[in-house]
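> Before anything else, here's the structure in question.
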Amino acid sequence: MQIPVLMFLALLVGQSSAIINYYLESYCNGYSWPIDMSILDTVRLRLTSSLRYNNNMNCSVSLTTSSSKQLMYYFRSFDVENSDSCQYDFLEMHDGTSLRAPYANGFYGKQCGSYVDPFVYTTSNSALTLWFKSDNSNTGKGFDMIITSYHTGICDPDEYSCSNGRCVENYLTCNGYNPCGDHSDCALTVGGIAGIAVGSVC
Ligand SMILES: *[C@@H]1O[C@H](CO)[C@@H](O)[C@H](O)[C@H]1NC(C)=O
């Protein structure tokens, strides 16, 4: 009986990593197609797959969802060379499809340093654009953020109705990446789920 339970727990653990990874370092030195959040629903976007980001980076990408939806975003970590007014290395986030759009909610101006803002922010419309630039000295670990597509109003049958009034795809619930933005996606505790598994195996 122990082996099936262990397998089930392994599946649960495996589930939390079921998120698609993107790296901003793949979008450098010129135009790139937007990341289509109407298909992906949620992504984990990190600056780099290395331990530290490179010097002389200039990378930019937009993420867009359906016109009736918005994006929510938060940082899991942030570490970019700190400087006065972030003039050396920085991340800019814009609330739209290009760098001409206003700064994104919660992130006015150039971002640097190592403060991790704990809040989950939302776009005003259906797009978010990021721009990262580094100069020729000093680096950092970069950043790690989660971006999820949602809408408000009446949820579709294949969507989960979050406590904060947001609708997200059902399959995102309990993915370990706070897909609702208020932690209301996974009411059952892991202990509870494991209990059900033990019950059904017995
Ligand atoms: C850096 O990237 C931005 C955004 O894509 C672009 O507007 C700018 O021209 C680039 N600068 C250099 C020096 O390549």
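> Residues of the range 138-175 being assigned to a strand (DSSP E or B) and either within 16 Å of the ligand (Cβ to nearest atom) or under 30 Å from Gly30 (Cβ atoms) (or both), which ones? Walk me through it before giving the result.
Our first condition is that a residue be assigned to a strand (DSSP E or B); within the range 138-175, this holds for 142-152, 159-161, 166-169.
Selection gives Gly142, Phe143, Asp144, Met145, Ile146, Ile147, Thr148, Ser149.
> In the range 99-125, how many are open to solvent by less than 30 Å² (accessible area, probe 1.4 Å) and not β-branched (Val, Ile, Thr)?
So the first thing to find is which residues in the range 99-125 are open to solvent by less than 30 Å² (accessible area, probe 1.4 Å), and the list is 101, 104, 107, 109, 112-113, 117, 123.
Then keep just the ones that are not β-branched (Val, Ile, Thr); that gives 101, 104, 107, 109, 112-113, 117.
Qualifying residue count, the range 99-125: 7.
> Can you name the number of the only condition in (1) away from the ligand (no atom under 16 Å from the Cβ); (2) at pLDDT 95 or above that Pro34 fails?
(1)
> Checking Asp135 against (1) open to solvent by less than 30 Å² (accessible area, probe 1.4 Å); (2) within 16 Å of the ligand (Cβ to nearest atom), only one condition comes out false. Which one?
(1)
> With the structure loaded, tell me whether Met93 is in contact (Cβ under 8 Å) with a residue 60 or more places away in the chain, open to solvent by less than 10 Å² (accessible area, probe 1.4 Å) and either away from the ligand (no atom under 14 Å from the Cβ) or not in a loop (DSSP other than H, G, I, E, B) (or both) or whether it fails that test.
So Met93 fails the test.
> Then there's this: Give just the number: which of (1) within 16 Å of the ligand (Cβ to nearest atom); (2) open to solvent by 70 Å² or more (accessible area, probe 1.4 Å) does Arg52 not satisfy?
With respect to (1) within 16 Å of the ligand (Cβ to nearest atom); (2) open to solvent by 70 Å² or more (accessible area, probe 1.4 Å), Arg52 is out only on (1).
> How many residues does the range 110-128 hold that are assigned to a loop (DSSP other than H, G, I, E, B) and within 16 Å of the ligand (Cβ to nearest atom)?
Here is the first cut: in the range 110-128, the ones assigned to a loop (DSSP other than H, G, I, E, B) are 110, 112, 114-120, 123-126.
Now drop any that are not within 16 Å of the ligand (Cβ to nearest atom), which leaves 110.
The total comes to 1.
The values are calculated or read from the model by the stated rules, or taken from the named source; none is laboratory data. It should be emphasised that the depicted structure is a prediction, and the values quoted were computed from it without experimental measurement. When we count neighbours, we look across all protein chains shown, and the Cβ atoms used for this are built from the backbone with ideal geometry, even at glycine. SASA here: full protein model, heavy atoms, side chains in, ligands and nucleic acids out. Shrake-Rupley method; radii C 1.70, N 1.55, O 1.52, S 1.80 Å.
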